[in-house]
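Q: Here it is: the structure, laid out below.
The values are calculated or read from the model by the stated rules, or taken from the named source; none is laboratory data. Fair warning: this is a prediction, and the values are worked out from it, not measured in the lab. Using ideal geometry, Cβ is built from the backbone for each residue, glycine included, and neighbour counts are taken over all protein chains shown. We work out accessible area using only protein heavy atoms, side chains counted, and drop any ligands, DNA or RNA first. Shrake-Rupley method; radii C 1.70, N 1.55, O 1.52, S 1.80 Å.
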Amino acid sequence: MSRPTISDALAARRVLAGQLPPTPMWNYPALDATTGATVLVKHENVQPTGAFKVRGGLNLLAGLDAEARRAGIVGYSTGNHAQSLAFAARQHGTRCTIVMPVNPNPCKAAAVRALGAELIEAGADMGEAAERARLVAEERGARLVSAADEPALVAGVATAYLEIFEQAPDLDAVVVPVGGGSGAAAACLVAQALAPRCEVIAVQSAASPAAHDSWRAGRLLTRPNATRAEGLATGCGFALTQGLMTGGLADFLLVDDDRISEAQWVLMRDAHTLAEGAGAAGLAALLAHPERFSGRRVAVVCTGANASERELRAQLGLAAAA
Ligand SMILES: *Cc1c(COP(=O)(O)O)cnc(C)c1O
């Protein structure tokens with residue numbers, strides 16, 4: 001598997017131009033007061049699918065030849081990767097099948113179906129869903145799309161970081177929530193080329209620390225996977241993204257799930273923006289480690305907005321739906 005380069009990121013930008021406008025990045029004085037840092041929120045939560053991953057899906061589909069497009073794609077995902085592939089497949093007129101572990105977030109499952117993809121609920125966790133996806137792809141001669149080991153996904157996601165360093169060339173740090181690591185790997189790739197003095201800091205939930213532990217150990221590890229934040233829920237490290245994060249990340253922080261919920265609330269209160277748990281993890285790192293960011297100019301990537309109805313009702317103090 002070849003590593004994507006900055007040229008691949010620039011090529012992806014040409015592919016995405018006209019399909020996705022750049023997302024805004026705003027500073028909120030109230031959020032600065034809460035964190036003690038100058039915070040720039042990169043709003044990937046306003047993407048049409050509600051998460052940054054759509055950049056990767058569109059770039060991957062654009063790179064398939066006619067035969068591969070006819071054969072279709074198969075993905076496995078807790079949600080946002082699935083929506084990205086379904087959205088991109090619809091744009092390109094390609095058949096898309098998604099395998100989700102049983103009992104998925106209903107809003108994400110409904111969104112995937114609404115985008116015209118076939119949804120198969122199978123497996124107790126992502127590992128089992130991935131195995132089923134592999135079998136389905138084999139049966140149908142379709143292209144199996146990995147959750148992270150895909151150069152075209154990383155190159156597509158890298159377009160968010162091209163935007164960030166253009167929107168704010170003078171950042172001290174960019175904080176990136178991590179699951180499989182495509183976002184953080186893309187951040188490393190672009191920062192090395194465009195903003196070598198900017199620290200790329202990854203953050204994961206302490207309840208699902210596989211990427212963190214793999215990065216610290218310098219080898220791919222499997223770990224318990226119990227976070228509530230679906231976008232961060234992965235049980236193993238991935239070779240491609242870990243390779244890019246090695247030497248690229250300045251640090252990798254862990255936050256607990258309650259801190260992530262608090263950060264979701266702070267984003268609502270101070271920035272009037274909706275984040276799902278994973279989307280708030282970057283801010284959670286600033287809340288958990290204020291000394292590390294105090295007085296610095298920090299971009300926080302708000303990676304996604306797709307909170308479940310249960311999460312939203314809890315945040316608003318409403319009773320659960322019947
Ligand atoms: C997938 C996802 C992440 C983690 O991204 P990776 O590229 O898998 O590390 C973070 N936030 C949200 C909202 C996501 O959907």
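Q: Only one of these is over 30 Å from residue 121 (Cα atoms), open to solvent by less than 20 Å² (accessible area, probe 1.4 Å), more than 16 Å from the ligand (Cβ to nearest atom) and not in a helix (DSSP H, G or I): 40, 31. Name it. If you could, list the steps in order and put the result at the bottom.
A: On the way: 31 fails: not in a helix (DSSP H, G or I).
Of 40, 31, the one residue that is over 30 Å from residue 121 (Cα atoms), open to solvent by less than 20 Å² (accessible area, probe 1.4 Å), more than 16 Å from the ligand (Cβ to nearest atom) and not in a helix (DSSP H, G or I) is 40.
Q: Of all residues in region 289-322, which are in contact with a strand residue (DSSP E or B) (Cβ under 7 Å, 6 or more places away or on another chain) and without any contact (Cβ under 8 Å) to a residue 40 or more places away in the chain?
A: Listed by number, the list holds a single entry, 289.
Q: Of the conditions (1) away from the ligand (no atom under 13 Å from the Cβ); (2) outside any helix (DSSP H, G or I), residue 306 clears all except one; give me its number.
A: Failing condition for residue 306: (1).
Q: Given the criterion among the charged types (D, E, K, R), touching a Ser or Thr at 6+ places or on another chain (Cβ under 9 Å) and not in a helix (DSSP H, G or I), identify the matching residue among 269, 228, 219.
A: Numbers: 269 fails: not in a helix (DSSP H, G or I); 219 fails: touching a Ser or Thr at 6+ places or on another chain (Cβ under 9 Å).
Answer to the selection: 228.
Q: Which one of these does residue 286 not meet: (1) away from the ligand (no atom under 11 Å from the Cβ); (2) open to solvent by 10 Å² or more (accessible area, probe 1.4 Å); (3) part of a helix (DSSP H, G or I)?
A: Here residue 286 meets the rest and fails (2).
Q: Only residues that are within 10 Å of the ligand (Cβ to nearest atom), part of a strand (DSSP E or B) and open to solvent by 10 Å² or more (accessible area, probe 1.4 Å): list them for region 161-210, please.
A: Selection gives 177 alone.
Q: For the condition surrounded by fewer than 19 Cβ atoms within 10 Å (Cβ to Cβ) and closer than 19 Å to residue 283 by Cα, what is the one hit in 140, 228? Break it down stepwise before answering.
A: Working: 140 fails: closer than 19 Å to residue 283 by Cα.
Going through 140, 228 in turn, just one is surrounded by fewer than 19 Cβ atoms within 10 Å (Cβ to Cβ) and closer than 19 Å to residue 283 by Cα: 228.
Q: Restricting the search to region 123-135, which residues are at negative phi and either open to solvent by 10 Å² or more (accessible area, probe 1.4 Å) or without any contact (Cβ under 8 Å) to a residue 12 or more places away in the chain (or both)? If you could, list the steps in order and put the result at the bottom.
A: In the first step, residues of region 123-135 are kept if they are at negative phi; the result is 124-135.
Passing the criteria: 124, 125, 126, 127, 128, 130, 131, 132, 134, 135.
Q: List the pairs whose first member sits in region 41-69 and is touching a residue at least 60 places away in the same chain (Cβ under 8 Å) and at positive phi, whose second member is open to solvent by 10 Å² or more (accessible area, probe 1.4 Å) and within 12 Å of the ligand (Cβ to nearest atom), and whose Cβ atoms are under 6 Å apart, counting only residues at least 6 apart or on separate chains?
A: Within 6 Å, the pairs are 50/305; 50/306.
Q: Identify, please: which residue in region 295-313 is touching a helix residue (DSSP H, G or I) at 6+ places or on another chain (Cβ under 8 Å) and small (Gly, Ala, Ser) and is, among those, nearest to residue 81 (Cα to Cα)? Show your work before the answer.
A: If we filter region 295-313 for residues that are touching a helix residue (DSSP H, G or I) at 6+ places or on another chain (Cβ under 8 Å), which is where we start, we get 298-309, 311.
So of that shortlist, the ones also small (Gly, Ala, Ser) come out as 299, 304-305, 307-308.
On the way: 299: 23, 304: 11, 305: 13, 307: 14, 308: 16 Å.
Selected residue: 304.
Q: If you don't mind, another one. So, in region 289-316, exactly how many residues are under 17 Å from residue 250 (Cβ atoms) and open to solvent by less than 10 Å² (accessible area, probe 1.4 Å)?
A: Residues in region 289-316 being under 17 Å from residue 250 (Cβ atoms) and open to solvent by less than 10 Å² (accessible area, probe 1.4 Å): 5 in total.
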